[in-house]
Amino acid sequence: MEFNLDSKSKEEQPFKKACEYVLDEMNGDFVGLALQNRKGPDISWHYAAGNRNDKYKRITVRYGKGIAGRVISTGTPMKIEGFPNNIHGKALDYPIMLAENLRCAFAVPIQFKGVPKGVLLVGKRTVQPISESDQHKILDAAKKLEKELNSLI
Amino acid sequence: MNTQPLKNNISSYIIQTHEEEIKRIAMELHEGVGQSLSSLFSGMQLIETAIEQPAMRIYAGDMKQLLEKAIQEIRLLAVELHPPTLTTFGLISAIKSYMKIYTSTYGIEVEMENLGIESQISDRDSITLFRVCQEALVNIARYADTTKASILFKWEKSMLLIMIKDSGKGFEVEAAMNKLSGLAAMCERMHLIGGNCTIFSKEDHGTSIEISLPLY
């Protein structure tokens, strides 16, 4: 599969807008959308809302590594509460949490033709966990993004 | 009885043995497992082209992709464990390679300046300097909350000076030295090879780490 993300075309505006919409709807501080690269298994953060800096644009994680890599490789959501405590591995294995100074996050897979190819992450800079209802909203938003992605590519 | 030299010798021996073991594992991964997987990958490519049944051909293609991922993983793991360029091309080359990985991992841009001509230094000194720089950069990613950092190498006739700076949130050095073993370990490692490591930092005023090593 090929995501044409090198040039930010009009078709890709919905993704940026979707991040902003999710941020408005949730009680979150940061929303990011990561997608698997065109070539190779690596994953990059392409779109964000509520970001404090542009570090996310330079972060690339390997398949199976970091939050995005793990969500894509397992195809299941991932929840982090009270970062850097209560995590598997080292804090350095979670670059997006460090880059955006996040304490809690909920990340869900975005499927393309039935295969996980992207991740929608909502994060908070406070220790207050993401509520069950917000988790459902994030899953719904990911489903909508999935439809958008599958209709565009 | 003064046991300090003995303690230093033991610490030095433990660190050196540890580094040698890491290097051995990295070599084994790169040249052993990595090479075997590459051979398997070539074989799978041949098999894929020879298969006529479409479903089996797709299956072979998927297996080939999995092998490719495994080869990449092994290579990256080997480089993470021990930079191969350190022995062949020296400290500056190894740091430059690490900086690329560092920026793409943590999103922090590192500006590097190299003044003077790189002198040849022993394997033990090179790996110590590399590890200390690596620890300093990792600490920036972990604690500094900044988007930029800089690293300066100054090669003088009888001394190598390295300065690693960031304009992040900083910290109280004394308190951090007691709390964070990584900072104390950086200084200890430099002392063990006859060098020095000084940390300057203040809350909201960034951090500067000065490393020096006499060159003989």
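The values are calculated or read from the model by the stated rules, or taken from the named source; none is laboratory data. This structure is a prediction, so every number in the text was calculated from the model and none was measured. Neighbour counts are summed over all protein chains in view; Cβ atoms, including those assigned to glycine, are modelled from backbone coordinates with ideal geometry.
Descriptive notes on the structure:
- For the stretch B:146-194, taking the residues that are free of Cβ contacts under 8 Å to residues at least 40 places away in the same chain and crowded, with 18+ Cβ neighbours inside 10 Å, the one that is nearest to B:ASP123 (Cα to Cα) is identified as B:CYS187.
- Screening the candidates B:PHE171, B:PHE153 for the property of being hydrophobic (A, V, I, L, M, F, W, C), over 23 Å from B:SER12 (Cα atoms), in a loop (DSSP other than H, G, I, E, B) and touching a strand residue (DSSP E or B) at 6+ places or on another chain (Cβ under 8 Å) yields one hit, B:PHE171.
- When B:ASN8 is tested against (1) under 26 Å from B:LEU160 (Cβ atoms); (2) assigned by TED's automatic domain parsing to the domain that holds B:SER119; (3) in contact with a helix residue (DSSP H, G or I) (Cβ under 8 Å, 6 or more places away or on another chain), only condition (2) is not met.
- Qualifying position, being hydroxyl-bearing (Ser, Thr, Tyr) and under 29 Å from B:ILE10 (Cα atoms), among B:THR198, B:THR207, B:THR146: B:THR198
- Single residue of A:ASN37, A:ASN86 found to be without any contact (Cβ under 8 Å) to a residue 24 or more places away in the chain and of a type in the set (S, T, N, Q): A:ASN86
- Screening the candidates B:ILE151, B:ILE127 for the property of being under 25 Å from B:VAL79 (Cβ atoms), modelled with pLDDT of 95 or more and away from chain A (no Cβ under 11 Å) yields one hit, B:ILE151.
- Looking across the stretch B:86-100, the residues that are surrounded by fewer than 18 Cβ atoms within 10 Å (Cβ to Cβ), farther than 15 Å from B:GLU31 by Cβ and free of Cβ contacts under 8 Å to residues at least 40 places away in the same chain come down to B:PHE89, B:GLY90, B:SER93, B:LYS96, B:SER97, B:LYS100.
- Residue check, B:LEU67 surrounded by 18 or more Cβ atoms within 10 Å (Cβ to Cβ), more than 18 Å from the chain's Cα centre (by Cα) and not assigned by TED's automatic domain parsing to the domain that holds B:THR128: yes
- In the set B:SER104, B:SER93, only one residue is in a helix (DSSP H, G or I), of a type in the set (Ser, Thr, Tyr) and touching a helix residue (DSSP H, G or I) at 6+ places or on another chain (Cβ under 6 Å); that residue is B:SER93.
- Of all the residues in the stretch B:193-216, those that are aromatic (Phe, Trp, Tyr) and touching a strand residue (DSSP E or B) at 6+ places or on another chain (Cβ under 8 Å) number 1.
- Residue check, B:THR103 within 14 Å of chain A (Cβ to nearest Cβ), among the polar types (S, T, N, Q) and surrounded by 14 or more Cβ atoms within 10 Å (Cβ to Cβ): yes
- Condition met for B:ILE117 (touching a residue at least 24 places away in the same chain (Cβ under 8 Å), more than 14 Å from chain A (Cβ to nearest Cβ) and in a helix (DSSP H, G or I)): no
- Number of residues in the stretch A:46-88 that are of a type in the set (Gly, Ala, Ser) and within 13 Å of chain B (Cβ to nearest Cβ): the value is 6.
- Filter result for B:TYR13 (within 14 Å of chain A (Cβ to nearest Cβ), out of contact with any strand residue (DSSP E or B) (no Cβ under 6 Å at 6 or more places or on another chain) and in a helix (DSSP H, G or I)): no
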